[in-house]
Amino acid sequence: MPGKFFDEWRVGETIEHPLRRTVTETDNLLWSTMTHNPQPLHLDAEAAKASEFGQILVNGTFTFSLMVGITVGETTMGVLVANLGYDKVVMPKPVFIGDTLHATSEVTEVRESKSRPNAGLVTWKHRAINQRGEVVCECLRTALVLRKS
């Protein structure tokens, strides 16, 4: 299903995104090095083993970006003017290499744009969920979305 126009969204609408992704060691290593994040918990197996988690933790900004990316196809693909903000980002559980994530999106707000008659604002609560059913990341995303009419 492609993204939906502003006029098609309703508060309370929830999407269970079909895309799932298993996080690999390469994902975590590349993301951490590309973003210049030298945190030993992400890159050093021995340091991570000595931590309370006992293993490498996946970089949280990768988890966040993967969650948002998974949601694009059914929310804003082809109708996005701009993402306006990400709020209340939380990561209640860690992500480990080998975890498989999927996402849900719930519309929390739909409002007219004061400056753009051809678009409106939609806010979703995105959640990334691991294979154990645990929420590992959550945020509110507000986007300016084109109108159909």
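The values are calculated or read from the model by the stated rules, or taken from the named source; none is laboratory data. Computed from a predicted model, the values in this text were never measured in an experiment. Cβ sites come from the backbone with ideal geometry, for glycine too, and all protein chains shown count toward neighbours. For accessibility, only protein heavy atoms count, side chains too; no ligands or nucleic acids. Shrake-Rupley method; radii C 1.70, N 1.55, O 1.52, S 1.80 Å.
How large a share of the accessible area of the stretch 18-143, in percent, is made up of carbon and sulfur atoms when the probe is 1.4 Å and the other protein chains stay in place?
Heavy-atom surface of the stretch 18-143 belonging to carbon and sulfur, 1.4 Å probe: 56 percent.
Output ³J(HN,Hα) for the stretch 42-55: one whole-Hz value per residue in order, computed from phi by the Karplus curve 6.51 cos²θ - 1.76 cosθ + 1.60 with θ = phi - 60°, and x for Gly and Pro.
9, 10, 10, 4, 5, 5, 5, 4, 7, 7, 5, 8, x, 7
Which number comes out as Rg/Rh for the stretch 1-56 once both Rg and the Kirkwood Rh are worked out on C-alpha atoms?
1.25
Within the stretch 70-149, which chymotrypsin sites (Phe, Trp or Tyr not before Pro) sit in a loop by DSSP and count at most 13 neighbouring Cβ atoms inside 10 Å?
none
Go ahead and run the numbers for FRET between LYS88 and LYS148, Cβ-Cβ distance against an R0 of 41 Å, rounding to 0.05.
It comes out at approximately 0.90.
Quick one: if you stick a label point 7 Å off each Cα along the C-beta vector at ASP44 and THR14, how many nm between them?
Once both label points are built, they end up 4.2 nm from each other.
Using Cα pairs under 8 angstrom and six or more residues apart, how large is the relative contact order of the chain, in percent?
33 percent
Could you state the accessible area per residue of the stretch 19-149 in Å², with a 1.4 Å probe and every protein chain left in place?
Averaged over the residues of the stretch 19-149, the accessible area is 52 Å².
Any chance you could list the semi-axes, whole Å, largest first, of the equivalent ellipsoid that the Cα gyration tensor gives for the stretch 32-87, using √(5λ)?
Whole-Å semi-axes of the equivalent ellipsoid: 32, 11, 9.
For the residue pair ARG116 and ILE97, what label-to-label distance in nm results when each label sits 7 Å from Cα along the Cα-to-beta-carbon direction?
With each label point 7 Å from Cα toward Cβ, the separation is 4.0 nm.
Run through the stretch 2-65 and list the trypsin sites (Lys or Arg not before Pro) located in a DSSP loop whose Cβ has at most 14 other Cβ atoms within 10 Å.
ARG10, ARG20
Taking the Cα of GLU134, stepping 7 Å toward and past its beta carbon, and measuring to each backbone N in the stretch 14-37: which are under 15 Å?
23
Filter the GluC sites (Glu not before Pro) in the stretch 1-106 down to the DSSP loop ones having no more than 13 other Cβ atoms within 10 Å, then list what survives.
Of the GluC sites (Glu not before Pro), the ones in loops of the stretch 1-106 whose Cβ has at most 13 other Cβ atoms within 10 Å are GLU52.
Using alpha carbon centroids, what distance separates the stretch 52-78 and the stretch 120-149, in Å?
Taking the Cα centre of the stretch 120-149 as reference, the centre of the stretch 52-78 is 12 Å away.
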